[in-house]
Structures are given as C-alpha cells and as structure tokens.
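The values are calculated or read from the model by the stated rules, or taken from the named source; none is laboratory data. The shown structure was predicted, so the numbers you read here are calculated from the model rather than taken from an experiment. We place every Cβ from the backbone using ideal geometry, glycine too, and count neighbours over all the protein chains shown.
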Amino acid sequence: MVADSADTPVEQGTEYPPELARLPPGRHGLPREFVAHNQRERLIAGLAEAIAENGYAGTTIAHITRHAAVSRRTFYEHFSSKDECFVAAYDTVMAEMRERVGKAFAEEDDWPHAVKAGIAAMLGFLVAEPSLARLCMVEALVAGPVVVERYDSAIQSFVPYFRTGREGRSPDVLARLSATTEEALVGGMMSLISRRIIAGRTAELESLLPDLVEFTLTPYLGSDEAAKVAREG
Amino acid sequence: MESTCDQGTLTFVADNASTMRPPPGRHQLSKAFIAQHQRARIIAALAEETADKGYRAVIVADIVRRAGIARNTFYENFSSKEACFLAAAEFAATEALRRVVDAASKVDSWPARVDAGISAFLHYVASEPALARTCIVEALSAGPASVERYERSIQAFVPLFRMGRTVSRHGDKLPGTLEETIVGGIFWITYQGIIMGQTAQIEERAPELVEFALTPYLGGEAAKRIASKQD
C-alpha cells in the first residue's frame, strides 16, 4: 500500500476527517488507507480517479480537485500543472509496483520461481488497482515526453530481474543470448499487458501468468523446463 | 531495392517535394495524380514536423509550411491534425506490412520468412526515419484512435509468426499469447532504437531480433544458427 511510507502511517479504523468520508473506498479503485488525509496523496488519488473517468487529455484540474475534495489553491500548492501531478502519480504508483515485485522476487529460493512470483505480483497489483493500471500502463503513454521517458525507464528497471537468469548458465546458453534479450523480453511482456489494459481486459491479466513465465524463462532454461515452471501449481 | 519511382513511397515524394508542385495555370497532370501526391506530401510533412517537435507541439501551420501548400489545401485533404496523423499511421502500417509480406513470400521456409520479414521491416524503418518515429514512437501519444491503430498493426504481423507452430515440435502447446508478445518485443526494441537516435543502425538489430522470434519455436541453438546467417 502506498500509504505505508514512513511519514503517513494510517491504521485501519482511524477516524477520518469529514472530507475523506466523501471518497468511499472502491469507487476509485484505491483502498481507503491509501487515501490518507495527506493532501498530496489525495491529489494523486484524485488524478487517478479523474483519468479513469475522462482519460488523460479530457482531465482538467477541476476534475482532479473535485475528486480529491481539495481546493484549486491546494492543487497549486503542490503542483504547477496537470502534467506535474501526473508525473508524481506515476512515480508513486511505479514505486509501489516495484516494491511489490522486488519483495515477491526476493522471497523465492531459485531464480525461475522468483521470476514467476515477480510477474504474478505485478499482474496482481494491476488487477487489484485497475485505475492505477490504466494510469501507469496506458495513460502514461499519452501524457507527454517526460512521462514517456519515465515509462521507458520503468520498463528498463525490470531488466535486471531477467539478467540474473544468465548466472550459472552453460556457455552454450549464454552464446544464444544477445545484448538486448532481456529488453526484448520485458518489452514484449509489457506490450502485451498494456494492450490488454487498453482493450479493457484488465480483469484477465492474471490469466496471462503462465504464458508470460514460459515466454520469459525459455531463453534461459529451454522450453520444456520453462513450461514446467510456468504451468505448475 | 525499391524503385524510387514507386508512387507509394514517401521518400520519392519528400525528396521531390518542392519540384512536385505543379506549375500554376494549366495542369497537364490529372487531378487524381495531383491529389494523391498532395496527400502523400502532406503526410511526409507531418512526419517531418512530428519527428522534429513531437506530436503535441505540431500545429497545422507547421505542416502547411513544410509541405509548401496553402492552408486550404490541407483542409481539403484532412479535417484535422489528428486525421492527418491517422492517415500517416495507416499509410505506414499498410506499407510496412506489404513490404514484410513481399519479402517473406520470396523465400520458402518459415524461419527464412521470419528472417526476411524482420529485415524488410527494419529496412523500412531505417529508410523512413521521420515516418518511423511518427508511427512507432509518437503514435502512442497521439490519442486513443492512434493507440488503437498501433494495436492493430501489431496484430497484423501475428500471422507471420503463428505459422511457426506448424514447424515447431511444440506445436500448439506454445503459449497462446506468444506471437503477440514476440511482435510487441520487436516493436519495443525498434522503439528503443528510434528514441536513442539509432534509427540509421536499426538494421544491425535484425539477427538478434530474428533469434528472439525463432527461439520459442525452434530452440535457442537452431534460432541462433539461422539468425547469424545474416552476416
């Protein structure tokens, strides 16, 4: 949960200020705890909700402040533009996703299962938070060059998880990998995920897990072994 | 390889942009000829402007100036910047697919077809850098219709790869989304090459992309062997 950062702890059952009562959980796809009485976070949540309704281009600052239940002045205390608010939202969501993926990955004993757990964590996050999924995988692409650049580096940031797969492989296997193997794998995976989200098929994302695991592990383990890991359990 | 007199080629149009303007007065060229080339010239101008400034910053005045036409002429051909952009995407997608299919049909085996198709695709990207930038990079920022077009372009290449199931020992046990993922990966690597300013060298990526595409069907060893015949 994004609100679990050290500076804004929010416990279950905390008495929320009246403004917060206007944002029932689930309407914007964000858990209540996320929508802390921290204004910046509420603006980010408001942006996610506004974009889910209107798309990036159609979202105005008025939409954002209405969903966040804050004043226009408050918006400008935190951000100078919609784009800037979007970048903050994007960074926040991606940090959360990276944390979940990293944690899931680290909990496994062997690399193939770590990859499987990492991809599962990513898909699980996107399914659980559909408006955030749209925000970071789809709307990010239409939000201008600054955000596209971040989308780019977010994708690149997953490359190391796959590169680790080279460790301990035979010279034969290594010889078949190229400098861009990991990029192509991650790019292909992200491209498939974002196209499902664009098509409104976010709920199906978790069903992609076996395919994605098999696809990404194959260059390192061979198809038979990759398929085994992908289809088990 | 392709004739520079091919009427569909933007290169031809762009190279000859200023000389293509028919002389004022009596036209010996047919209206249809002029119209077709005007449209292509406007598209070429949009691509150049988009590659320079990014889609959001381009205004119709920029396109008009670059194409050397009257504003009216723009609006006779397209209702808006977005409509022009979609036409450019449509043109490029159709042409890319045509070239890929054309190259693939000249060889017999499936792996050779993948090899020929990927090479033809990258060659097109390298030979039309502004158009490639417009349709592969900027397309994602140009609104929902454009994103949907991009999506359809990816789907259009799926059948070329799907044929691999008939020659793979895995057959239809291969993941259902495999082809989409492969095409998505190829587009992603191409996208990366363009944004890093390496469009001119993109054809050098062909062997690794061919290997990437063939590996799930034929195994890494066979894929590498086939892909490195490029050199």
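Couple of notes before you dig in:
- For the stretch B:156-190, the set of residues classified as within 9 Å of chain A (Cβ to nearest Cβ) and either in a helix (DSSP H, G or I) or within 14 Å of the chain's Cα centre (by Cα) (or both) consists of B:Lys173, B:Leu178, B:Glu180, B:Thr181, B:Ile182, B:Val183, B:Gly184, B:Gly185, B:Ile186, B:Phe187, B:Trp188, B:Ile189, listed by residue number.
- Hey, A:Ser178 outside any helix (DSSP H, G or I), in contact with a helix residue (DSSP H, G or I) (Cβ under 6 Å, 6 or more places away or on another chain) and on the phi < 0 side of the Ramachandran plot or not: yes
- In a residue-by-residue description of the stretch B:83-92, the property of being in contact with a Ser or Thr (Cβ under 9 Å, 6 or more places away or on another chain), in a helix (DSSP H, G or I), surrounded by fewer than 22 Cβ atoms within 10 Å (Cβ to Cβ) and within 14 Å of chain A (Cβ to nearest Cβ) applies to no position.
- Taken residue by residue, the stretch A:126-144 has at least one member that is farther than 16 Å from A:Ala203 by Cα, modelled with pLDDT under 90 and not in a helix (DSSP H, G or I).
- Scanning the stretch B:178-198 for residues that are modelled with pLDDT of 90 or more and of a type in the set (S, T, N, Q) returns B:Thr181, B:Thr190.
- When A:Glu206, A:Glu149, A:Glu183 are checked against the criterion of being in a helix (DSSP H, G or I), facing chain B (nearest Cβ under 7 Å) and not hydrophobic (A, V, I, L, M, F, W, C), a single residue qualifies: A:Glu183.
- Filter pass, B:Glu138 being facing another protein chain (nearest Cβ under 7 Å), touching a helix residue (DSSP H, G or I) at 6+ places or on another chain (Cβ under 9 Å) and at pLDDT below 95: no
- Some residue of the stretch B:51-59 being surrounded by 16 or more Cβ atoms within 10 Å (Cβ to Cβ) and either of a type in the set (Asp, Glu) or part of a loop (DSSP other than H, G, I, E, B) (or both): yes
- B:Gly197 meets each of the listed conditions (1) more than 25 Å from A:Asp211 (Cα to Cα); (2) in a helix (DSSP H, G or I) apart from (2).
- Out of A:Val101, A:Val173, A:Val115, A:Val70, one residue alone is aliphatic (A, V, I, L, M), assigned by TED's automatic domain parsing to the domain that holds A:Glu49, more than 30 Å from B:Tyr55 (Cβ to Cβ) and surrounded by 15 or more Cβ atoms within 10 Å (Cβ to Cβ). It is A:Val70.
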